[in-house]
Amino acid sequence: MDIDERNPRDLPRHRALFVVDMRDYSSAADPSMEQVRKDIDDLLATAFAQSGLSEEWQSPELRNDTGDGFILGLPTTRMWRLLDPLIENLDRVLYRYDQVRLASTPAVRLRVSVHLGPLPDSYRGSAINDLCRLVSSDQASAALTIAVERRAFVALIISDEVFQVVVRQGRTERLDHRDFHKVIATVPCKNFEALAWVHAPRVGASAFESLSTPTNNDAVAPRDTNATASATVNAAAPKYSIGHIGHFAETSNAPVRIRMDVRGDQ
């Protein structure tokens, strides 16, 4: 074999991975699903533009529509913006949306996960699996519940890899390690657990103390026997179907377009 020939053991370059998931989307009435999904796209387009991520939104390496959200694959250079200021801007945009949405339109509350890992151009591998496990974890759902109770609209869960490279190294402008709470993210039905960090805008990290936390200082590596085994050859992300690299829908930087109406009693 030619020594310069590509080998399956070669390490792919690292990618920044972003996934957003709407709470209770599946319980929305069928007639409202399409409009709510469109509103989410518009809201995120606005938040990305406000965060200096217009190019990343318009031309990501990967965009995969998941129905109640989507996955983005991006270069790592400006990954820090996915944490700060994007999450704060997204929370602010969602607040404004909530003030003017139709009374019959479901409330939009979002779970967001950010991960970092080596992925081939096919975007199939354990890093995608781990990203999807994080946003689906019990701790991500509980963090959003806590955030909503405190009138926030988004909860963020990041992998320890992202925390160490971005937060711990001081690459965020307004956030630091004190704004994050350490948890063990678990998806029991998938045999998954991983050290992770949760945050919500305008919510102190102490609010998340009820969530599970590590019992020692040892980092916990992702544990998912099914994902690890399948990641070696064309492993597809759980729940989310990874298609081809490219756009799944047209995107825009335009301001949020929302129909307005007088809301009924809540």
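The values are calculated or read from the model by the stated rules, or taken from the named source; none is laboratory data. It should be emphasised that the depicted structure is a prediction, and the values quoted were computed from it without experimental measurement. We place every Cβ from the backbone using ideal geometry, glycine too, and count neighbours over all the protein chains shown.
Observations
- Scan of the range 47-103 for residues that are free of Cβ contacts under 8 Å to residues at least 60 places away in the same chain, polar (S, T, N, Q) and in contact with a Leu (Cβ under 9 Å, 6 or more places away or on another chain), ordered by number: 50, 51
- Residue 151 satisfies every condition listed in (1) outside any helix (DSSP H, G or I); (2) of a type in the set (Lys, Arg); (3) farther than 24 Å from residue 106 by Cβ except (3).
- Residue list for the range 178-209, filter: at pLDDT 95 or above and assigned to a loop (DSSP other than H, G, I, E, B): 180, 201, 202, 204, 209
- Scanning the range 43-60 for residues that are surrounded by 19 or more Cβ atoms within 10 Å (Cβ to Cβ) and not hydrophobic (A, V, I, L, M, F, W, C) yields 46, 51, 56, 60.
- Residues (in a loop (DSSP other than H, G, I, E, B), buried (at least 20 other Cβ atoms within 10 Å of the Cβ) and of a type outside the set (Asp, Glu)) located in the range 61-100: 66, 83, 85
- Test: residue in the range 103-123 that is over 21 Å from residue 185 (Cα atoms) and in contact with an Asp or Glu (Cβ under 6 Å, 6 or more places away or on another chain): no
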